[in-house]
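Below are the structure tokens for one structure; questions will follow.
Any read-out appearing in this document is the output of simple, stated calculations on the displayed coordinates, not a laboratory observation. All figures in this text were calculated on a predicted structure; none of them were measured in a lab. Because the Cβ atoms are built from the backbone with ideal geometry, glycine has one as well, and the counts that use them run over all protein chains shown.
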Amino acid sequence: MRRTCYTPEAPFFTSNGPANAYSGMTACAGAANTGEDLGPYPTQAGSNPGYPAASPMLVKDHSESDIRIDPTNNRHLIASVKWFVSAEGYNHILGFYESFDGGASWPVQGHVPGYEGWTDNTDPVGAFDRYGNYYELLLPYQFFYNPDDTHNFQINPNREPNPSQPAEVISVSVRPHGAGAANQWITTHNGKPDFVAPYDSKGREPDKQWIAIDTNPNSPFADRIYAMWVVFTGPYTAHPYVAIAQAKPDGTHTDWSAPISLPQVSGTPQGASYLLPHIAPDGSVYTTLASESPAHKFCCGQIFLDASKDGGLTWSSTPVKTDIALPAFLPANTTFRDGILETFGLGNNKVNGHYPLYVSWEDGATGVSNVLLVASYDEGATWTPPIKVNDNATPVDEFQPNLDVAANGTVSVAFYDRRLPCPTAGTDDAVRAGIALDTVNPAYASLPPYGATNYCVNASIQFYTPTLAAKGNNIRLTAHTWDPQLSAPHVSCPTCLTTFIGDYFGNISANGKAYTTSVSTYNENGTNPAHHQQQVIAIVSIP
């Protein structure tokens, strides 16, 4: 088994264990076997006393994820994921794992280097250019721990871990085509860290970055990189931006443009987030955005579509869905927060003379979360009536949809699925799921949750034709039901309520197969006896 370690910028040793399988931060102690640099790192050189950690720490948990396929070799895949050294302290970096045989094996893994000098790196997402270079878009950010173990984002050179670096940045690391070792990444541009946009003032907080690259050599904007993110002013008001550059064959790129503000439809005073850019064969670039309403206690939301026909220089905006009943921020019975509202995909084969657009989202109108899906065959001018993706008979939460469109036009929507109850007491499945360890959960009365409904989690997928005729029924992706309370990272402090399984997971296709990456805490064949958050790579033939 591959074991990875790195030297975190901010050490944090509080443990909630042994309840809920927690075990705190653990020294590496020679456990690493990936060949990656264990630190300390160049970006940590200006850290304050007490930072970084005195030695490398062991990566234990792996939550939200992304997966991409090399256009020069569709058996070459790279997945990226949040790697936690402390679930209690929400202390993590981005890691990657790589396959050269279509997902049968993953011989290379390590953390994504270049930005270890921040407390956390977050939101894994990547894209290949047409030369086989892989771009990871990162969000490194600083905070320090208060005496009560809460997180403090104050920008104070005497208190923040590393005053030599900006408080938060949108940045890039590139794994060049042909790289073999875990450390082979390009992390600088013009001799400095490859910052797309730095932010060093409290009150302007970047988040929710995403990336797309035009890999079509016949596109008028071939090799254009679109890096998107939002900047929050205040706790809820999001302002979306894009920066552009041109990818080069050697894994380098031109300078990033200044951030370009993206338009929003009327009626979104709180702004919009969750940018998901996709590029059509003609070079048009589209992204959905989602707007939620804090003024109305997040009761309702809307999704709209931004589009550019000139390589990202100018944009238009049209509504997709304006009356979404948002599901609960914390799904019933558990403490993990919900994730990104919507998912977006684009087909490369025209339907009715246009490249089809697809949007799926969570809907809470029935009191539980369901996954809905629509399509547009006229570049977003009109949309089909919503159809329900999940086919469970008993109402439970189905959430975090992730959409992909295969080369033949087949649409897939993968999602987290709670239709199956937790394993029952006295079964081998309950032992392997670690149900007995789930003893602390203020959202549920009867613990451990043996046989609990709308509690434990699987992942499922549904396939459709380009015109959204269902191809069969939902397909289960995970072989075993898992408990989301085990080893769940705490987003604010070790004793705070809200925990985390990720805001999204991976779904991509090639070779007539769908590849998904999702979380599980199940002990599969003795490989996860501590019930950490691990990644499940599921490969399904596309019908």
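To the nearest Å, what is the center-to-center distance of the stretch 294-371 and the stretch 481-543, using C-alpha atoms only?
Using only Cα atoms to place each centre, the spacing works out to 22 Å.
Taking R0 as 41 Å, what's the FRET efficiency between residue 539 and residue 394 from their Cβ-Cβ distance, rounded to 0.05? All intermediate terms of the calculation are to be shown ahead of the outcome.
Working: r = 28 Å, r/R0 = 0.70.
About 0.90, to the nearest 0.05.
Helix-derived [θ] at 222 nm for the chain: sum -39500 (n - 2.57) over DSSP H runs of at least 4, divide by residue count, nearest 500?
After summing the helix terms and dividing by the residues of the chain, the value is 0 deg cm²/dmol.
Once you have a ≥ b ≥ c as the square roots of the Cα gyration tensor eigenvalues for the stretch 360-416, tell me rounded if a/c is under 1.5, and otherwise prolate or oblate according to whether a/b is larger than b/c.
oblate
Residue by residue through the stretch 428-439, which ³J(HN,Hα) values in whole Hz follow from phi under the Karplus form 6.51 cos²θ - 1.76 cosθ + 1.60 (θ = phi - 60°), with glycine and proline marked x?
4, 4, 5, 5, 5, 7, x, 4, 4, 7, 7, 10
At q = 0.10, 0.12 Å⁻¹, what log₁₀ I(q)/I(0) does the chain have when each alpha carbon counts as one equal point scatterer in the Debye sum?
The computed values of log10 I(q)/I(0) come out as -0.77, -1.17.
Taking R0 as 35 Å, what FRET efficiency do you get between residue 202 and residue 444 from their Cβ-Cβ distance, rounded to the nearest 0.05?
0.45
Post the alpha-carbon centroid distance, the stretch 189-252 to the stretch 136-161, in whole angstrom.
Here the two parts' Cα centres lie 22 Å apart.
Could I ask something else about it? When only DSSP loop residues count, what chymotrypsin sites (Phe, Trp or Tyr not before Pro) in the stretch 240-342 have their Cβ near at most 13 other Cβ atoms within 10 Å?
Of the chymotrypsin sites (Phe, Trp or Tyr not before Pro), the ones in loops of the stretch 240-342 whose Cβ has at most 13 other Cβ atoms within 10 Å are 329.
Looking at the stretch 459-543, which chymotrypsin sites (Phe, Trp or Tyr not before Pro) are DSSP coil and have at most 15 other C-beta atoms within 10 Å of their C-beta?
none
Sticking with this structure for a sec: How large is ³J(HN,Hα), in whole Hz, for each residue of the stretch 165-170 in order, when computed from phi with the Karplus curve 6.51 cos²θ - 1.76 cosθ + 1.60 and θ = phi - 60°, using x for Gly and Pro?
For the stretch 165-170, the Karplus-derived couplings read 10, x, 4, 8, 9, 8 Hz, x marking Gly and Pro.
Now for a separate question. Which peptide among 399-411, 151-163, 224-236 comes first, and what is the full order, when sorted by highest mean count of other Cβ atoms within 10 Å?
Numbers: 399-411: 22.0, 151-163: 15.5, 224-236: 20.5.
Top to bottom by mean Cβ count within 10 Å: 399-411, 224-236, 151-163.
Ok, one more. Which cross-chain or sequence-distant (5 or more) residues have an amide H under 5 Å from the amide H of residue 138, H modelled 1.01 Å from N in plane?
Amide H to amide H, under 5 Å and 5 or more residues apart or across chains, residue 138 pairs with 171, 172, 173.
To continue, here is another question. Pop out the ³J(HN,Hα) list for the stretch 183-188 in order, Karplus 6.51 cos²θ - 1.76 cosθ + 1.60 with θ = phi - 60°, rounded to Hz; leave Gly and Pro as x.
Here the 3J(HN,Hα) series is 8, 7, 9, 9, 10, 10 Hz.
Under a crude label model (7 Å from the Cα following the beta-carbon direction), how far is residue 384 from residue 248 in nanometres?
4.4
Please give every one of the lysines within straight-line cross-link reach of residue 60, meaning a C-alpha to C-alpha distance under 18 Å, and leave out same-chain neighbours fewer than 8 residues apart.
82
Please work out the FRET efficiency for the pair residue 33 and residue 491, using the Cβ-Cβ distance as r and a Förster radius of 45 Å; give the result to the nearest 0.05. Please report the intermediate quantities before stating the final value.
Working: r = 30 Å, r/R0 = 0.67.
With R0 = 45 Å, the Cβ-Cβ based efficiency is 0.90.
Let me ask another. Taking the highest mean first, how do the peptides 52-60, 38-46 order by number of other beta carbon atoms within 10 angstrom per residue?
Highest-to-lowest ranking by the protection proxy: 52-60, 38-46.
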